[in-house]
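The values are calculated or read from the model by the stated rules, or taken from the named source; none is laboratory data. From a predicted model like this one, the values you see are computed outputs, not experimental measurements. Note: ideal-geometry Cβ built from the backbone for every residue, glycine included; neighbour counts use all protein chains shown.
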């Protein structure tokens, strides 16, 4: 029993519009995310402060319990409202998720408080090198995280990465999870117009 929590609270400043509602083929980005998580979750929630924009999705929606706390506040809200002990939290701009990867991440949670995958990404300082990036918004969280996150919010510690220092978090290297992402694009997220153009090419090639 897993709750799928979609976070759609970003300002999308670089896109100059609500990227969750930008189209990829016949569907919006957030519709792609919902379609990907539906087969592997038993409940779906949307965390947003503009519910009118997403009424057509016909899933429960909740506004941030603690406003202006970014991703960490969204995760806190999702875990609080989830009916299940375990939630898969994901951003609204990650349209190529694979269900078998989500199921794998959930299956290894066990006694851990959270499971977060690392991905290899190009270094911003040296494009010829790669660096490991922790995917906190494409990860599995237990309700055991709630008191820890509440304390972080009270301390104004809003970095989701800081949860590693306070909770029992399993961080996975790409070598561990890569066999569950056969298409190789599960963690592709859309932040810029260039990302959106690349997503269009990927969509038509898959």
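For region 1-19, filtered to residues that are under 24 Å from residue 86 (Cβ atoms) and either touching a helix residue (DSSP H, G or I) at 6+ places or on another chain (Cβ under 6 Å) or part of a strand (DSSP E or B) (or both), the residue that is modelled with the lowest pLDDT is 9.
Taking region 20-41 as the range and being in contact with a strand residue (DSSP E or B) (Cβ under 9 Å, 6 or more places away or on another chain) and farther than 19 Å from residue 75 by Cβ as the test, the residues that pass are 21, 22, 29, 31, 32, 35, 38. The residues on offer are 145, 171, and the sole one that is assigned to a helix (DSSP H, G or I), modelled with pLDDT of 95 or more and surrounded by 12 or more Cβ atoms within 10 Å (Cβ to Cβ) is 145. Is it true that residue 186 is within 18 Å of the chain's Cα centre (by Cα) and at pLDDT below 95? So residue 186 passes the test. Only a single criterion out of (1) crowded, with 16+ Cβ neighbours inside 10 Å; (2) farther than 28 Å from residue 32 by Cβ is not satisfied by residue 166, namely (1).
When residue 155 is tested against (1) touching a residue at least 24 places away in the same chain (Cβ under 8 Å); (2) more than 19 Å from residue 94 (Cα to Cα), only condition (1) is not met.
If you go through region 177-192, how many residues are part of a helix (DSSP H, G or I) and touching a residue at least 40 places away in the same chain (Cβ under 8 Å)?
2
Only one of the numbered conditions (1) free of Cβ contacts under 8 Å to residues at least 60 places away in the same chain; (2) crowded, with 18+ Cβ neighbours inside 10 Å; (3) farther than 23 Å from residue 108 by Cα is not met by residue 73, and that is (1).
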